[in-house]
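Notes follow the structure.
The values are calculated or read from the model by the stated rules, or taken from the named source; none is laboratory data. Remember, it's a predicted structure, so these values are computed and weren't measured experimentally. All Cβ positions, even for glycine, are placed from backbone atoms using ideal geometry, and neighbour counts span all protein chains on display. In case anyone asks, the SASA skips ligands and DNA or RNA and just uses the protein heavy atoms, side chains included. Shrake-Rupley method; radii C 1.70, N 1.55, O 1.52, S 1.80 Å.
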Amino acid sequence: MPNNVETKWSGYHADKDNLRAEIWSVLKEQGVAIGDPLGHIPNYVGAEKAAERLAALPIWQRAIAIKCNPDSPQIPVRLRALQDGKCLYMAVPRLTSTRCFVELTAEDLQQRNIPLEQAAIAKKALTYGRLVSFEEMQAIDLVIVGCVAVTRNGGRTGKGAGFADLELAMLYEFGLVQPDTPIVTTVHPLQIVKQERLPMQAHDWALNWIVTPEEVIETTTIYPQPVGLDWDTIRPEQYKEIPILQQLKEKFAHQERFTMSERATIAKLQKRKNDFA
């Protein structure tokens, strides 16, 4: 039965729209949502505990550079990353800048007497962090994505805008994320649904780990991860609203003779050149 909930990103996939509307409603009805979850990666009671469980995992402890989404339920994750001395990359909300990631480190923030708790808030991070291009970034060891609904076998959906999948595809194109880079989310248990409820598409990045306030789930997903940007699935409004996409398409048009691995090597060499410049 179609739902009556509409957001800016409704209409691209009816089944996912219905599932998101159900999750938002359940979280609100059960009193575990913090704020109005509608149209958002929902914040929830217990997000801090989920961040603690994530930080206890070996994939977290050995990670040097972490990429995290800018949504409210992952504020504790971003704070913990800074407290643990990780290099933290956060996507600019809605990818509105050509330098579409902001880099934060505790060392830099503390030298400027900026509280880590403030820098972990997305709006503050944009002020206190350093906007970076892909060529200026270091390889990412762990990715945290925001989700509205997930399945125990690694299925996931965000709020429907497609930003997380685009971010990961672009990072892959530059050799900053690999097919085996762990993809993790922190969610409330009510956001976990049966796998048949959540259809995965070819451009969707699957989860390797799901962390809730109560448990850690290793998905051992069999979904194949995408291999870079699929230009055929990028929507016209995404080209219009995300300036980096046009730049990348023009750039990669000149590199069509290179394989993806060769392009990744080129990106790494360019970064090394910039580091020594």
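Please work out which residue is most open to solvent (accessible area, probe 1.4 Å), limiting yourself to the stretch 42-89 and to residues that are part of a helix (DSSP H, G or I), polar (S, T, N, Q) and within 17 Å of Gln191 (Cα to Cα). Show your work before the answer.
Our first condition is that a residue be part of a helix (DSSP H, G or I); within the stretch 42-89, this holds for 47-55, 58-61, 72-83.
Still in the running and polar (S, T, N, Q): 61, 72, 74, 83.
When the remaining residues are screened for being within 17 Å of Gln191 (Cα to Cα), the result is 72, 74.
Numbers: Ser72: 62, Gln74: 1 Å².
So the residue we want is Ser72.
Going through (1) open to solvent by less than 60 Å² (accessible area, probe 1.4 Å); (2) over 22 Å from Tyr172 (Cα atoms) one by one, Pro93 falls short only on (2).
When Asp232 is tested against (1) open to solvent by 60 Å² or more (accessible area, probe 1.4 Å); (2) assigned to a loop (DSSP other than H, G, I, E, B); (3) at pLDDT below 85; (4) not basic (Lys, Arg), just one condition goes unmet, and that condition is (2).
Out of Thr98, Thr7, report the one residue that is of a type in the set (S, T, N, Q), assigned to a loop (DSSP other than H, G, I, E, B) and closer than 30 Å to Leu176 by Cα. The conditions single out Thr98.
Just one residue in the set Lys28, Lys8, Lys16, Lys86 is at pLDDT below 95, over 26 Å from Leu248 (Cα atoms) and among the basic types (Lys, Arg); that residue is Lys16.
Cβ-Cβ below 9 Å, separation at least six or inter-chain, first residue in the stretch 197-225 and free of Cβ contacts under 8 Å to residues at least 12 places away in the same chain, second buried (at least 21 other Cβ atoms within 10 Å of the Cβ) and part of a loop (DSSP other than H, G, I, E, B): which pairs? Within 9 Å, the pairs are Glu218/Asn208. Tell me whether the stretch 19-33 contains one or more residues that are surrounded by 22 or more Cβ atoms within 10 Å (Cβ to Cβ), touching a Phe, Trp or Tyr at 6+ places or on another chain (Cβ under 9 Å) and free of Cβ contacts under 8 Å to residues at least 60 places away in the same chain. Checked against the condition, which is being surrounded by 22 or more Cβ atoms within 10 Å (Cβ to Cβ), touching a Phe, Trp or Tyr at 6+ places or on another chain (Cβ under 9 Å) and free of Cβ contacts under 8 Å to residues at least 60 places away in the same chain, the stretch 19-33 yields at least one hit.
When the stretch 199-218 is limited to residues that are farther than 21 Å from Ala169 by Cα and of a type outside the set (Asp, Glu), the one that is surrounded by the most Cβ atoms within 10 Å (Cβ to Cβ) turns out to be Val211.
Assess whether Met200 counts as being part of a loop (DSSP other than H, G, I, E, B) and over 20 Å from Gln61 (Cα atoms).
yes
Tell me the helices (runs of 4 or more DSSP H) entirely within the stretch 113-183 that contain at least 1 residues that are without any contact (Cβ under 8 Å) to a residue 12 or more places away in the chain and open to solvent by 10 Å² or more (accessible area, probe 1.4 Å).
Working: elements: 116-119, 122-128, 163-173.
Those helices (runs of 4 or more DSSP H) span 116-119, 122-128.
Of the set (1) in a loop (DSSP other than H, G, I, E, B); (2) in contact with a helix residue (DSSP H, G or I) (Cβ under 9 Å, 6 or more places away or on another chain); (3) farther than 26 Å from Lys249 by Cα, all apply to Leu190 but (1).
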